[in-house]
Amino acid sequence: MGQIGSDVLKNNLTNPARIYQWDFEIPAPKGTGSTDVWFLRAQSAHVPGKSFEDILINYKATGGFNVPGRERYDHSMEVSIIEGEDRRGFDAINSWMNQIRDPRSGEGSPDNDLKTDAILTLTKANGEAWMVIKFIGIYPKSVSNVDLNYNTSKEIQYSVQFSYDRWEPMNT
């Protein structure tokens, strides 16, 4: 692997990746009454981190040494959604959560019916995909309160906390 000096790094940052250019899409889960792919009007999300647990190996009378253990990640992701007057985001998430646990009967759905896979696509300035991340087994865990106020002209926003089984990068 070649050396990367500060001059090479600076020359390669003429067109840096931007944190505001991305899309979040979720194929509608079974039972929600929709066959669409939901493109959420999201204001913020995050690229998940990853780490490894340490396994300490004791060796004779030394302090020992560490080796990488199992992989760890948060299993959760918060997405801030901007709602439109069509209520598509609210209706989609609410329908999905009612499918997970019916608010009247308290009955739930089987695991494979309530989870789906979602795609987070980060784009270049020209609109081409730069990085694509697939969240496997995602479902909404919670939705924040929606603040309404006569004293402001902001759009309606709320956060959805998603839980997922794992994530993997996809080829672009």
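Only the coordinates and a few stated rules stand behind these numbers; no lab work does. These numbers were taken from a predicted model, which means no experiment stands behind them. A quick note on method: Cβ atoms are made from the backbone with ideal geometry, for glycine too, and the neighbour counts reach across all protein chains shown.
Some values worked out for this structure:
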quantity: Odd one out for residue 139, checked against (1) farther than 17 Å from residue 74 by Cα; (2) in contact (Cβ under 8 Å) with a residue 60 or more places away in the chain; (3) hydroxyl-bearing (Ser, Thr, Tyr); (4) touching a Ser or Thr at 6+ places or on another chain (Cβ under 7 Å); calculated: (1)
quantity: Qualifying residue in region 155-172 (condition: surrounded by fewer than 12 Cβ atoms within 10 Å (Cβ to Cβ) and either within 14 Å of the chain's Cα centre (by Cα) or free of Cβ contacts under 8 Å to residues at least 12 places away in the same chain (or both)); calculated: yes
quantity: So residue 67, is it free of Cβ contacts under 8 Å to residues at least 60 places away in the same chain, of a type outside the set (S, T, N, Q) and part of a strand (DSSP E or B); calculated: yes
